[in-house]
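The values are calculated or read from the model by the stated rules, or taken from the named source; none is laboratory data. Computed from a predicted structure; not experimentally measured. Because the Cβ atoms are built from the backbone with ideal geometry, glycine has one as well, and the counts that use them run over all protein chains shown.
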Amino acid sequence: MGALRLLIFGTRGNWVRLAGIVAGVAIGVLLALLLVAGANALETRDIRSSWLQPAVNELSTATTDDTIAARSDDIFVGEKIDRLDIAAPAHAGAVLPDMEAPTPGTFMASPALTEIITGAPAAQLQERYGEQVGIIPESLLASPDSLVVVVGGTPEEVSALSSAGVVDSLDRRAYGGNQNYQTLALVGALAILIPAFLLVAVSTTLGSAARAERWQTLRTIGASRKLVQRVALAEAAGTAILGAALGVGGFFALRPLLAFLPVAGERLVANDLAVSSTVIVIVTVAVVIGAVLAGARSSRRTGSSATSQTVFEETPSFARVIPLLAGLGLFLLVNSFAGQIPVPLAVPIVASFALIAIGLLIAGPYFTWLTGTWFARLAQTGSAVIASRRIVRTPRAGFRSVAGLVAATFVITVFAFSSSAGVSARAFISDPLLPQDAIAANVSRGADIAASSVENHLSGVSGITSVHFTYTNGEGVYIAGDDAQILTSDAFAGDIGELVGGIYSLTPSGPALLETTVSSLDGMRISDIVVRTDGRASSIEETRTALLTLEGVDHSAGVWTRAEVVAEPDTDLATQFTEIGRLAIVIVTLLAAAALAMATIAALYERKRTFSSLHLLGMPRNTLTKVVAWETLVPLLSILAPTVILGWFTAYMLITNLSERSLSWPDSLLVVALAATGLMVAASVVLAARVGNAITRSPESTRRE
């Protein structure tokens, strides 16, 4: 009870400090649990809807007992629809999970799509699919917002689609069974956990630092070391348990709200945001044990007098850089010998990332000491001298103040550059062939379709102003000069044009058409159908429906405007991971702000006696602000540039080793996040200076000195 009373009764500042420790631990635990819940939700929803991407074999292996399926994308007024065409004989071995496959001419739709179909004219949407015979259960959908349709067809109809294949398996696998995305998910989770647990560590450090002098005073007036240790452990355990409990409670309170967070345009399912009791217990116990160990370590280092303070640290050696170099070397080995590694590629890649991320924190004090030594030689003002001496003598403590910010900058850079690997609309800046009011469809290779039949089929569609065709001889795709002039507003003057980048002009730059030596289009088959409309959304959707129901059109290739193709060029998973990466940038930036403020204030508490003495000797108020600014900026600048470079290198290695993509300019959020980092540093300096002035001028500190 004596230890408990010593812990509970104290000054107002003591209560504020304890509240800060509890808040820091609570935020760290809350974010860790939200991260685990989010990862579980993403994996669960991908597993639940993975049947939409069945594993298929070549059509040449098909028999009458096989199910044939074709996966494609559709669109309605800017909303993307997942479509699965299926031909499943009654005695087929592979069927859809938990529901019967629709028969030819019928379809089943998700609840969200059913609502849209009900509210839209049939000619604009429903006629694309046939007669609705059921609703897809929500247990098979990624989200309540998912727009999914399963369309029944004959084996001949489905086999004619370019994406068709014989269904081999409908096994449910996370991220479609894509090991590369699973690896990226693991790396992303690890990347956010590092700054989250740094915040918890900094919070417990704040408690140990602020209590050090009180423990020394207790020792001076005769308290035993055992009693001091009991006080330290009681405070560490009590604040950690309370903070962890608040974090767990906050998680359960915020979980329903997190379900409204859209990922790839679709809400999460609240029940998917589950964290097992085992994980909650592990996180809570780990935080409490870490806090208790920190408190025990601090109490053991408490001296026998109130004046004893540790003012020197062992000079860090180059050995601290070895883990970082090991991570870089392992990444280079993976990049050079990826095909010869005997273990799954995820193992060395995750290990490389962990070594670089953790190695950066281990090497930080060494870089801080190097920069501090250089800074000490240049320091001339009193504030610079005080700051430089502290940085050189205690480089680990100096770097600890900015460690969270360094980790956050590294993670933000990795996410920002990785997000740039997706195909973006800016990659297609060529002169387009299609005007904004035009929509195009691709004709199946084996289809024998005549222009007159197409025009007859479209004659009853309102809003169509003209119909045009492209032709192919198997080597290139061509368009008649008259049609090209209408589509390009007379920008093309040749007799026959050859398409560059296909019907949608998907090339980085250059013209949409080139003049060709082909003298005639006679004997060539129709390759694409281009329809100009009056530009109204209803006209475009009605035209799209008419083209999708035209025999010979490959609807698995989609019927699109150029703007729709350019706006949605990437895969669902890539888009999902890009959005998650942007969200992670925001989360990590907030974590960095909290960690920086806590660490800076903790550093002030560690030297409360020093600053109080300087204050009594006449140190001006603004000198403390300058000291805090130097002690924050010097360690940060010592490693900021290497951190950004390492972040780019890590993103490059992750993307190039796990895909055939390449990096481009980083996501715009990187600039915003780095600017926010600069503001956080300034705000942290101002906040710490105000707290420091309050500490040094407190009656308690003055009486003690």
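With respect to the conditions (1) out of contact with any Gly (no Cβ under 8 Å at 6 or more places or on another chain); (2) farther than 17 Å from Ala196 by Cα, Thr368 lacks only one, and its number is (1).
For first residues located in region 48-59 and over 17 Å from Ala87 (Cβ atoms), partners that are hydroxyl-bearing (Ser, Thr, Tyr) and outside any strand (DSSP E or B) and lie 6+ apart or on another chain with Cβ distances below 9 Å form the pairs Arg48/Ser139; Ser49/Ser143; Ser49/Ser146; Ser50/Tyr175.
Would you point out which residue out of Ala689, Ala673, Ala651, Ala641 is assigned to a helix (DSSP H, G or I), surrounded by 21 or more Cβ atoms within 10 Å (Cβ to Cβ) and modelled with pLDDT of 75 or more?
On the way: Ala689 fails: modelled with pLDDT of 75 or more; Ala673 fails: modelled with pLDDT of 75 or more; Ala641 fails: surrounded by 21 or more Cβ atoms within 10 Å (Cβ to Cβ).
One residue alone meets the criteria, Ala651.
From the list Thr561, Thr543, Thr517, the one residue that fits, being surrounded by fewer than 18 Cβ atoms within 10 Å (Cβ to Cβ), out of contact with any His (no Cβ under 6 Å at 6 or more places or on another chain) and of a type in the set (Val, Ile, Thr), is Thr517.
Of Ala19, Ala62, Ala3, which residue is farther than 20 Å from Ile136 by Cβ, at pLDDT below 80 and touching a Pro at 6+ places or on another chain (Cβ under 9 Å)?
Answer to the check: Ala62.
Looking across region 45-76 at every residue that is under 26 Å from Leu268 (Cβ atoms) and part of a loop (DSSP other than H, G, I, E, B), the one that is nearest to the chain's Cα centre (by Cα) is identified as Ser49. Here Leu199 meets each of (1) at pLDDT below 75; (2) in a helix (DSSP H, G or I); (3) aliphatic (A, V, I, L, M); (4) over 22 Å from the mean Cα position of the chain (by Cα) with one exception, condition (4).
Kindly establish whether Thr368 is of a type outside the set (Phe, Trp, Tyr) and over 26 Å from Ile412 (Cα atoms). Steps first, answer last, please.
Numbers: of a type outside the set (Phe, Trp, Tyr): yes; over 26 Å from Ile412 (Cα atoms): no.
Considered against the rule, which asks whether it is of a type outside the set (Phe, Trp, Tyr) and over 26 Å from Ile412 (Cα atoms), Thr368 comes out as no.
As a summary of the residue check, Ala240 satisfies the conditions (1) among the hydrophobic types (A, V, I, L, M, F, W, C); (2) surrounded by 16 or more Cβ atoms within 10 Å (Cβ to Cβ); (3) modelled with pLDDT under 75 except for the one numbered (3).
Contact map, region 332-356: first residue closer than 25 Å to Leu193 by Cβ and aromatic (Phe, Trp, Tyr), second residue modelled with pLDDT of 80 or more and surrounded by 13 or more Cβ atoms within 10 Å (Cβ to Cβ), Cβ cut-off under 9 Å, separation 6 or more or different chains; pairs are Phe353/Gly327; Phe353/Phe331; Phe353/Val414; Phe353/Thr650; Phe353/Met653.
Test Glu79 against the criterion of being at pLDDT below 85 and surrounded by fewer than 19 Cβ atoms within 10 Å (Cβ to Cβ), and give yes or no. Don't jump to the end; show me each part of the working.
Working: at pLDDT below 85: no; surrounded by fewer than 19 Cβ atoms within 10 Å (Cβ to Cβ): yes.
Here the answer is no, as Glu79 does not meet what is asked.
For region 459-479, the criterion of being assigned to a helix (DSSP H, G or I) and over 42 Å from the mean Cα position of the chain (by Cα) is met by no residue.
Do the conditions hold for Ile503, that is, is it in the same structural domain as Thr465 (by TED's automatic domain parsing) and under 16 Å from Arg562 (Cα atoms)?
On the way: in the same structural domain as Thr465 (by TED's automatic domain parsing): yes; under 16 Å from Arg562 (Cα atoms): yes.
So Ile503 fits the description; yes.
Filtered by the rule that a residue be surrounded by 23 or more Cβ atoms within 10 Å (Cβ to Cβ) and in contact with an Asp or Glu (Cβ under 8 Å, 6 or more places away or on another chain), region 82-109 gives Arg83, Asp85, Ala87, Phe107.
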